[in-house]
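The values are calculated or read from the model by the stated rules, or taken from the named source; none is laboratory data. Because the structure is a prediction, the values reported are computed rather than measured. Note that each Cβ is placed from the backbone with ideal geometry, even for glycine, and that neighbours are counted across all protein chains shown.
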Amino acid sequence: MSEPVATSGKGMKLHTKILLGLLVGLALGITANLTLGSGHRLVAGINTYVAGPVGQVFLRMLFMVVMPLVFASIALGVAGVGDIRKAGRMAGKTLVYFFVTTALAATLGLLIVNVARPWDRVAPETRAGLMAEFAGDAAARVETSEQQRFGIETIVSIVPRNPIDSGARGDMLGVIFFGLMFGAALTVISAAKAQPMIAFLDALNAVVTAIIHFAMLLAPYGVAGLIFTVSSQFGFDLMLAVAAFVVTVLVALVLHVVITLSASVWFLGGMSPVLFYSRIRAVIVTAFSTSSSAATLPTSIDVAQEQLGVPQRIAGFVLPLGSTLCMNGTAIFEGITVIFLAQIFDIGLSIGQMVLVIIMSVITAIGAAGVPGGSIPLLVGVLTMFGVPGEGIAIVLGVDRILDMSRTTVNVIGDHTAAIWLGRSEGVWSAAQVPSPGKMLVDAKP
Ligand code: ASP
């Protein structure tokens, strides 16, 4: 898949432009708020005729593709896993490892955001005002999400009566379920029949990705417009909350590495975490600078073999799978973002809904492409599912670059912990096989 949000073609990098859009929109919005005041005719006019529409066009471009993207990527993923499963027990173990670490990651993220409460910096009136102002399309879904108490009906309602209706209503779970069934069915029919459908889904995926690419070209202006609208009306406290949100995500990512992944390296891999991290530093640097698990893959395979001594058969199997399926950092980011934005827009989530946030974070992290910003379109879908207005995504997109770099790094570290665990449990690798520095063929390839 091409990188949807890497660059804008020529000149300045797209993420730099998006950040610039955020800063310009923010500076103008806060200035307007402080000098003219939110009720001034000029401010209202700019919001109605310039900033609002530009932001809306950008958002609608993203919304437009969420459902086909979710359907195609889930169906393709399951069809692919069907093949992998045929590869046997090793594949099953790998998938379980990916799933468990991703679920632990999402849970940790949720615990931390509920302790840190970055939304507390926003006055209650601002939150209520934001919801009133931006509810729009999401209003209807808030009702649904409020009615949704986690219980037996929640489980039953995951199975859609009519998948097209689910797609039209933005019911992500229904579309995911249909996608899962569709993919599973593709693995049981004859290859001759399955092949054209898989090729079609592949093409659909590529088309939708290209549309996301178009939308992202609008992102710098869309983000500027959306942030102007928010900051001209609600001033500065919201932005302090965003800074607190960024710190919360970063702390959760670090804790996941220090606690969960290090414990896995130590107990499951039987290797010193310090040695492990020092050996994979080239991978860490590559993931951090590219924000893409897919782009990091060649370095990953190389480092796993050269620096950790993982056999080719294991590295060549776990790491490509991990680069698209194992996204611990993305699950942390998604969980925290959904809770944070729900709070910012004054939407209370019950414990049952929080559990649903964890489940959705895990599923969408597995479904996200390993490219810069790969999880953003899926995140938009999850947000609306909980009644959070799409405008919220602008707040996150403006600061997403640093979060993307950091979560991608965690995603890739997770892949390597899986590789050494699988190698050890299959009896083909142990910490004793880690080459000593003198024996290494190449020292820390970039
Ligand atoms: N950039 C991430 C990766 O490649 C995906 C995402 O969370 O957007 O792993």
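Remarks
Residue-wise test of (1) under 16 Å from the mean Cα position of the chain (by Cα); (2) modelled with pLDDT under 80; (3) surrounded by fewer than 16 Cβ atoms within 10 Å (Cβ to Cβ); (4) among the polar types (S, T, N, Q).
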site: F63; (1), (2), (3), (4): yes, yes, no, no
site: F71; (1), (2), (3), (4): no, no, no, no
site: A75; (1), (2), (3), (4): no, no, no, no
site: V100; (1), (2), (3), (4): no, no, yes, no
site: A105; (1), (2), (3), (4): yes, no, no, no
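Listed here are the residues, each with its yes/no results for (1) within 19 Å of the chain's Cα centre (by Cα); (2) among the polar types (S, T, N, Q).
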position	(1), (2)
A287	yes, no
T296	yes, yes
A304	no, no
A315	no, no
V318	no, no
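- Test: V362 is under 21 Å from A287 (Cα atoms), modelled with pLDDT under 85, part of a helix (DSSP H, G or I) and within 16 Å of the ligand (Cβ to nearest atom): no
- Residues of the range 397-412 classified as away from the ligand (no atom under 11 Å from the Cβ) and either surrounded by fewer than 24 Cβ atoms within 10 Å (Cβ to Cβ) or of a type in the set (D, E, K, R) (or both), total: 2
- The listed residues are V283, V274, V303, and the only one of them that is β-branched (V, I, T) and more than 30 Å from L14 (Cα to Cα) turns out to be V274.
- Selection of the range 221-238 for residues being part of a helix (DSSP H, G or I) and over 10 Å from G398 (Cβ atoms) yields Y221, G222, G225, F228, T229, V230, S231, S232, Q233, F234, D237, L238.
- Residue pairs whose Cβ atoms lie under 6 Å apart, sitting 6 or more positions apart in sequence or on different chains, and linking a residue in the range 400-418 that is closer than 20 Å to V96 by Cα and at pLDDT 95 or above to a partner that is near the ligand (Cβ under 10 Å from one of its atoms) and not in a helix (DSSP H, G or I), are N411/M327; G414/C326; D415/C326.
- In the range 289-336, of all residues being more than 8 Å from the ligand (Cβ to nearest atom) and not in a helix (DSSP H, G or I), the one that is surrounded by the fewest Cβ atoms within 10 Å (Cβ to Cβ) corresponds to P311.
- Criterion (touching a Leu at 6+ places or on another chain (Cβ under 9 Å), modelled with pLDDT under 90, of a type outside the set (S, T, Y) and within 22 Å of L104 (Cα to Cα)) met by exactly one of L397, L378: L378
- Residue in the range 267-283 that is within 16 Å of the ligand (Cβ to nearest atom) and under 30 Å from L397 (Cβ atoms) present: yes
- Any hit, the range 364-378, residues being of a type outside the set (K, R), closer than 21 Å to A116 by Cβ and surrounded by fewer than 20 Cβ atoms within 10 Å (Cβ to Cβ): no
- Screening G427, G381 for residues that are away from the ligand (no atom under 13 Å from the Cβ) and either of a type in the set (K, R) or outside any helix (DSSP H, G or I) (or both) leaves exactly one candidate, G427.
- Qualifying positions in the range 390-426 - of a type in the set (A, V, I, L, M), within 17 Å of V242 (Cα to Cα) and in contact with a Ser or Thr (Cβ under 8 Å, 6 or more places away or on another chain): V396
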